[in-house]
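The values are calculated or read from the model by the stated rules, or taken from the named source; none is laboratory data. All values derive from a computational prediction rather than experimental measurement. Please note: Cβ atoms are built from the backbone with ideal geometry, for glycine as well, and neighbour counts cover all protein chains shown.
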Amino acid sequence: MALKIVKGSIDRMFDKNLQDLVRGIRNHKEDEAKYISTCIDEIKQELKQDNIAVKANAVCKLTYLQMLGYDVSWAAFNIVEVMSSSKFTYKRIGYLAASQCFHEGTDVIMLTTNQIRKDLSSPNQYDTGVALTGLSCFVTPDLARDLANDIMTLMSHTKPYIRKKAVLIMYKVFLKYPESLRPAFPRLKEKLEDPDPGVQSAAVNVICELARRNPKNYLSLAPLFFKLMTSSTNNWVLIKIIKLFGALTPLEPRLGKKLIEPLTNLIHSTSAMSLLYECVNTVIAVLISLSSGMPNHSASIQLCVQKLRILIEDSDQNLKYLGLLAMSKILKTHPKSVQSHKDLILQCLDDKDESIRLRALDLLYGMVSKKNLMEIVKKLMLHVDKAEGTTYRDELLTKIIDICSQSNYQYITNFEWYISILVELTRLEGTRHGHLIASQMLDVAIRVKAIRAFAVAQMAMLLDNAHLLTGNMQRNGICEVLYAAAWICGEFSEHLEDPNQTLEAMLRPKVATLPGHIQAVYVQNAAKLFATVLRKHEGATDSQAAQETSQLLVERLPLFVQSANLEVQERASCILQLVKYIQKLQQKDVEVAEEVSALFAGELNPVAPKAQKKVPVPEGLDLDAWINEPPSESESEDEKPKAVFAKEETKHSRPRHTEVDEKELARRREARKQEQANNPFYIKSSPSSQKVYQDAPGVEHIPVVQIDLSVPLKVPGMPMSDQYLKLEEERRQKEKAEKKKKEKKKKREKHGKGKKHDSGPESEEDITPAHHVDIVTEEMPENALPSDDDDKDPNDPHKALDIDLDNLLSGTNCRPLADTEKLPVRTHRSEPLKSPGEDGDVESVPQEPKKRSSKEKKEKKKDKDKDRKKSKEEKKKKKKHKHDAEDEPAELPAEEPVKSEETNEVATPPTSTSAEEVAAPAPAPAPAPETSLAAAPDSEADEPKDAEPEEVKCSKHKKKKQKKEKEKEEKKEKKKKRHHHHHHHSDGGEDSVQNGTMEEEEPLPPMSNYCLLAENSYIKMVYDIQGNLQDGSQVVVSVIFENKSDSFLKSMEFNVLDSLNSKLQRPEGAGPHDGLVVPFQLPPGVSNEARFIFSVQSIVMPQKLKGTLTFIVKSEDSSTHEKLDFKLHFTCTSYLITTPCYSDAYAKLLESGDLKSSSLRLEGVNMPFHHLLARICFHHHFSVVERIDSCASMYSRSIQGHHVCLLVKTADQTVSIDAKCDEPSLLGNVLDEIKQTFSQC
Amino acid sequence: MIKAILIFNNHGKPRLIRFYQYFAEDMQQQIIRETFHLVSKRDDNVCNFLEGGSLIGGSDYKLIYRHYATLYFVFCVDSSESELGILDLIQVSVIIVNVCFHVQVFVETLDKCFENVCELDLIFHMDKVHYILQEVVMGGMVLETNMNEIVAQVELQNRMEKSEGGLSAAPARAVSAVKNMNLPEIPRNINIGDINIKVPSLSPF
């Protein structure tokens, strides 16, 4: 036992692995949380250790805890550490943990870029695979942009295992970095015909996902997919392709026609249910797209319906479900073919599986017709009674209402029946849909005038029996119907047989237990009823009864006056005072009825729910402009109380003409009639609809004859909808009999059709409604905008992928990939940028406020322009398409008018190739390759050029972090810039000189630090050297290799002859003269970047190293070994690292007196001062500490910690630089290099 | 696209979760609970499709699940996936998990008896199941459906891990050596790296 304990503690101390953790958690069921928290403490200890195995073990355990819901984001950095282990075992653990808990908000993710790149180019395919898998889960826009090119390269990897993963992950890359779609698409398309089925399947998968969102761009691939469909045997691929065709056919009916045959063949031949099902689905989609004008496809429909019937009849519930699902699609266009299977679908309503019942319900919705509506609803009502679960019952309830009310009550022939159904539904206990029933009642009563009398009678009964439906008032959702009932009874009180009784019912003390908003309606409508009662009695000169009624109100209303609900209280006290006043008048025998009813006079018209939205904005009215000064942000204004019903609004807004006499009313009525007559959107109702109160029991009044109120066993007054079914049938029989007589003659004439007609009991048209109902259309405002604004989600990531790809594919009319569309090649900048040591102090630089403000300005401007720009950019794209033959400058004037509004924006630097050539410090006399590099302004290689000058303007010194953010902005503004370029040319760019204060606005020429290393006819190498902040003896040389030939370059080896001072860092075990293998291959025209680390001892002197690059050129038939010599030039500048410095620290440094000084004068420097500063900052890694007019102090640090301070002054084309540094020879060399930089321009 | 893969047991305890869209941890747990709630109340003889829960997806999403003895395998997918295809895929995954954990035979001989996955395999080797699943689904898209290919790749990777000495390699070995010296008897369930992976009959649980 003791030993066991000892062993256990050792165990815990040294290696508790995942299994132990799990076992421990299982053994501590009672105090799991406590146990886990001790485990987390242990893990934290383990993570602090240096041993990577221990760390990996800890991270593995964290992954498990993450699954249990523990936040492990605090260990993100450790996860990155484990990811970067060289051992596959640990790497895999790290990537798994990362894929489980990294997301776009994880800040350490930007540290992973280079690690992932390294893994992607690893010789071990599983390292690459693991990196791809992990990346697919946490790819961010930044990672996508930085790695797109590497992944593209992997799409042509030799191993299919890597190829398929690379292809698949491209979809994620496209989502995050839409610009990569066009350049990557040709290769993706190529992979559709990859020899490996896995790769092919992945490519199909990706294109299907893309096409699903933006099908029209992929129509041109249809022939290729057609070929694949007829040749592939992989069901998975077939399913995807067939699904894709389903998305494409609506856009291209001709495609559908071609598809029908092979699909029908597949349906007949395949044994795989999944494939069969998808085929049926796509055939349905084809048929839908062909539904008009293609008569000969009834066979296909028949086949589909028949196959689906087999599925539905299958005992496998899954097939049944899917069959119903597909059936509902056919229903939309070919309802007749589905309706014949009504029996089957009704049968499914009895299924024990709720999903299937719901599907069947969906189908019923589309299957109803005038003739079967009552029957189907009756069935559903039976189910409502049987249903045990409330959710399903509620679903049934909503379905019944949906079915009945669909397309403006199209299928309802008898509204009395519908009202009865609604009333029956109120007997459901505990439903959540009381308000739905209520709004239906209101809608029908308002819009179907003929039904009002009946509805009022029913509602009066509901009110009378309110106690029956509201067992537990407050909680019961069904009491909402009382809201409708009270309102209908009040508003249409002229139809009431016994308004007195209803009034009494509405003022019962129990009402006070109803929710407030219902009570309010009760009180208000009691007043309406009161008006009706008064008029009735005065007409009969029965003043006694009238006074009794007043007395009733005076007695009952105080109950409501005391209500806690404000609205009830307010209305009740108003009405109470009114009634008291009336009572006084009554006692003086004054006739008041007329005036009281005038309070509620006027007809209500239903208003369409969207009416308000569709009122066109009058010209000259800017709704967004502030009328007064905008209030402070904190006020929230959009908390409008939500109306319970749409109709509530109408009631409140209804004009109350208290003092208006009959004449005035008549005049207004006339005016409104006139207006409605002129309004094309107002569908006129029958003339009688404009009735006034006096002629209430009009021609259309329907006496409530059918209902025997004293039927035993029924709730008194509750009608049974079933009666209507019988009545309706009888009525139809009669009508049918009559019609048949008439039609007999006709039928003889048209034989063939007649027979088909006979098969059904009667055709749609035969059914006439029981009453002439006239459904009032909802009112719309004048000049309503007809558009149906189904706003797409602006955040949909797929929107950005709506990119025209056709011109990439077809040979003749193709728009080649513009230079701007090349995938970014990795830059030397990214690494030092992301070094964690730096970002800390960058933020807290004194100049921050200034930077902020300028940034904010920019952002504001951007926001404003965003929308405009978007549409414009689209236009531009199209335009570009047209002008594809023209080159860029020629294109610009054409675009000018579109963009003219942008001229007021802050000028941004032009991106002109010529300017770049000048700016490029490369001494090489090779303009052609230089421009080819520079002409890709979108590619990241050039990013620094654009980003840099702007930064200087914004913050006066280089902020590396900022640059990252800028890059995005840059890209967006690219198009604009081109325009500005043009603008500056035409206007002569002098305006900035004229207003000297605006100097900041003047654009800077783009710059690059990459210099030519060497080139021959196969390959070109450019390089840049950066110090490594973490290690004082290391510099990183980034070399971009560009394949200039038409052949494949592989097996590249990079080697230098080390000097005593500088050595190339080689992997362990490599000899001092071994070359380094460049970790990628270069397909024709592709460039990629590799980085090499050199260790240096002394940094005070510049140095040159000789080196050689060997590689194999592989063309179709031959491969040759080639070699290219180069000289690496390590300048002293390359040992400097841009380091921000506070001005006070800077002053202290200068005062300390440890520094040696030196100075430099430059004559004839003809450039603006800020350009000059920008150049020094950019090329020599300085940062501006302070700038006053034409004088600036600058600072930089070497990798070995030497301080370099500059004081730059300018006057009359002469620049003087006073410099101080603790290492005089370093300073001298740096100054020489600065001098050389400026002598070149 | 597959939005999430959830595996939990009959009590709703998660055994493996894989979201292809970011959700915070508490949201993930909520989704698991909701999904469990939806799935667990269904009989075994009803259909395997569920209209998506409210938390994940929305109307375009479906839950497709299979129930094996004590475990639910739930895939949350959108309309671009074939329902029956995903059902097959779940079955394939389960078989592969079984094969990788227990049997070293040709996959062709598989039959029904491999349909039941042992919950303990998942509990103690969640990471390994993840690695298997990664060969089937990647970033929410189906990567490979060929069982032989998947098993082969998983095997190769495991072999590679083995050649590196497994997770509890050097330091752990040293420690266990120390432990062995101190203890007169070697406890049966000492854990050395991959013993649980390769020798199923020794499985201590």
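Structural remarks
- Within the range A:388-411, residues that are in a helix (DSSP H, G or I) sit with their Cβ atoms under 9 Å from residues that are at pLDDT 85 or above and among the polar types (S, T, N, Q), at 6+ positions apart or across chains, in these pairs: A:Ile401/A:Gln440; A:Cys404/A:Gln440; A:Ser405/A:Gln440.
- Wholly enclosed helices (runs of 4 or more DSSP H) of the range A:76-146 bearing at least 2 residues under 29 Å from the mean Cα position of the chain (by Cα) and hydroxyl-bearing (Ser, Thr, Tyr): A:88-101, A:125-138
- The set of residues in the range A:1018-1062 that are of a type in the set (Ser, Thr, Tyr), part of a strand (DSSP E or B) and crowded, with 18+ Cβ neighbours inside 10 Å comprises A:Tyr1023, A:Ser1038, A:Ser1062.
- Number of the condition not met by A:Pro253 [criteria: (1) surrounded by fewer than 17 Cβ atoms within 10 Å (Cβ to Cβ); (2) farther than 21 Å from A:Leu290 by Cα; (3) away from every other protein chain (no Cβ under 14 Å)]: (2)
- Test: residue in the range B:39-55 that is over 24 Å from A:Ala98 (Cα atoms), facing chain A (nearest Cβ under 10 Å), among the acidic types (Asp, Glu) and not in a loop (DSSP other than H, G, I, E, B): yes
- Sole residue being farther than 29 Å from A:Ala76 by Cβ, out of contact with any Ser or Thr (no Cβ under 7 Å at 6 or more places or on another chain) and either of a type outside the set (Lys, Arg) or in contact (Cβ under 8 Å) with a residue 24 or more places away in the chain (or both), chosen from A:Pro178, A:Pro186, A:Pro141: A:Pro186
- Any hit, the range B:10-17, residues being touching a Ser or Thr at 6+ places or on another chain (Cβ under 8 Å) and either surrounded by fewer than 17 Cβ atoms within 10 Å (Cβ to Cβ) or touching a residue at least 24 places away in the same chain (Cβ under 8 Å) (or both): yes
- Here the range A:323-353 is the region considered, the condition is being out of contact with any Lys or Arg (no Cβ under 6 Å at 6 or more places or on another chain) and acidic (Asp, Glu), and the residue that is farthest from A:Ala285 (Cα to Cα) is A:Asp350.
- Within the set A:Arg145, A:Arg187, A:Arg163, the sole residue that is surrounded by 20 or more Cβ atoms within 10 Å (Cβ to Cβ), modelled with pLDDT of 90 or more, more than 25 Å from B:Tyr131 (Cα to Cα) and basic (Lys, Arg) turns out to be A:Arg145.
- Checking each residue in the range A:596-621 for being aliphatic (A, V, I, L, M), within 20 Å of A:Leu534 (Cβ to Cβ) and not in a helix (DSSP H, G or I) picks out A:Leu599, A:Ala601.
- Only listed residue being closer than 14 Å to A:Ala97 by Cβ, polar (S, T, N, Q) and modelled with pLDDT of 85 or more, chosen from A:Thr38, A:Thr63: A:Thr63
- The number of residues in the range A:102-114 that are within 12 Å of another protein chain (Cβ to nearest Cβ) and modelled with pLDDT of 90 or more comes to 1.
- A:Lys1127 loosely packed, with under 13 Cβ neighbours inside 10 Å and within 29 Å of A:Lys1050 (Cβ to Cβ): yes
- Here the range A:19-34 is the region considered, the condition is being surrounded by fewer than 17 Cβ atoms within 10 Å (Cβ to Cβ) and within 41 Å of the chain's Cα centre (by Cα), and the residue that is nearest to the other protein chains (Cβ to nearest Cβ) is A:Glu32.
- The residues on offer are A:Ser99, A:Ser73, A:Ser122, and the sole one that is in contact with a Gly (Cβ under 7 Å, 6 or more places away or on another chain) and among the small types (Gly, Ala, Ser) is A:Ser99.
- Qualifying residue in the range A:1131-1139 (condition: assigned to a loop (DSSP other than H, G, I, E, B) and more than 30 Å from A:Leu1076 (Cα to Cα)): yes
- Considered as a group, the residues in the range A:45-62 that are at the interface with chain B (Cβ under 7 Å from one of its Cβ atoms) and without any contact (Cβ under 8 Å) to a residue 40 or more places away in the chain include one that is surrounded by the most Cβ atoms within 10 Å (Cβ to Cβ), and that residue is A:Ala56.
- Of all residues in the range B:135-162, those satisfying the criterion of being at pLDDT 90 or above and within 22 Å of B:Tyr72 (Cβ to Cβ) are B:Glu135, B:Val136, B:Val137, B:Gly140, B:Val142.
- Residues that are surrounded by fewer than 16 Cβ atoms within 10 Å (Cβ to Cβ) and within 28 Å of A:Lys536 (Cα to Cα), drawn from the range A:600-618: A:Glu603, A:Leu604
- Taking the criterion of being more than 28 Å from A:His1202 (Cβ to Cβ) and in contact with a Ser or Thr (Cβ under 9 Å, 6 or more places away or on another chain), the residues of the range A:1088-1117 that qualify are A:Asn1088, A:Glu1089, A:Ala1090, A:Thr1110, A:Phe1111, A:Ile1112, A:Val1113, A:Lys1114, A:Ser1115, A:Glu1116.
- For A:Gln1200, the conditions (1) closer than 30 Å to A:Ile1093 by Cα; (2) buried (at least 21 other Cβ atoms within 10 Å of the Cβ) all hold with the exception of (2).
- Just one of the listed residues (B:Ile86, B:Ile132, B:Ile64) is part of a helix (DSSP H, G or I), crowded, with 21+ Cβ neighbours inside 10 Å, more than 13 Å from the chain's Cα centre (by Cα) and modelled with pLDDT of 85 or more, and it is B:Ile86.
- Candidates in the range B:163-181 are the residues that are modelled with pLDDT under 85 and more than 7 Å from chain A (Cβ to nearest Cβ); of these, the one that is nearest to the chain's Cα centre (by Cα) is B:Gly165.
- Whichever residue in the range A:527-555 is surrounded by 21 or more Cβ atoms within 10 Å (Cβ to Cβ) and closer than 20 Å to A:Leu514 by Cα and, among such residues, is farthest from the chain's Cα centre (by Cα): A:Leu553
- In summary, A:Ala75 fulfils each of the numbered conditions (1) in contact (Cβ under 8 Å) with a residue 24 or more places away in the chain; (2) facing chain B (nearest Cβ under 7 Å) with the single exception of condition (2).
- Within the range A:1130-1147, residues that are over 10 Å from A:Val1185 (Cβ atoms) reach partners that are acidic (Asp, Glu) and at pLDDT 80 or above with beta carbons closer than 9 Å, at six or more positions or on different chains, in the pairs A:Thr1131/A:Glu1233; A:Cys1132/A:Asp1232; A:Cys1132/A:Glu1233; A:Thr1133/A:Glu1233; A:Ser1134/A:Asp1024.
- Residue in the range A:106-126 that is surrounded by the most Cβ atoms within 10 Å (Cβ to Cβ), counting only those that are β-branched (Val, Ile, Thr) and under 12 Å from A:Ser84 (Cβ atoms): A:Thr112
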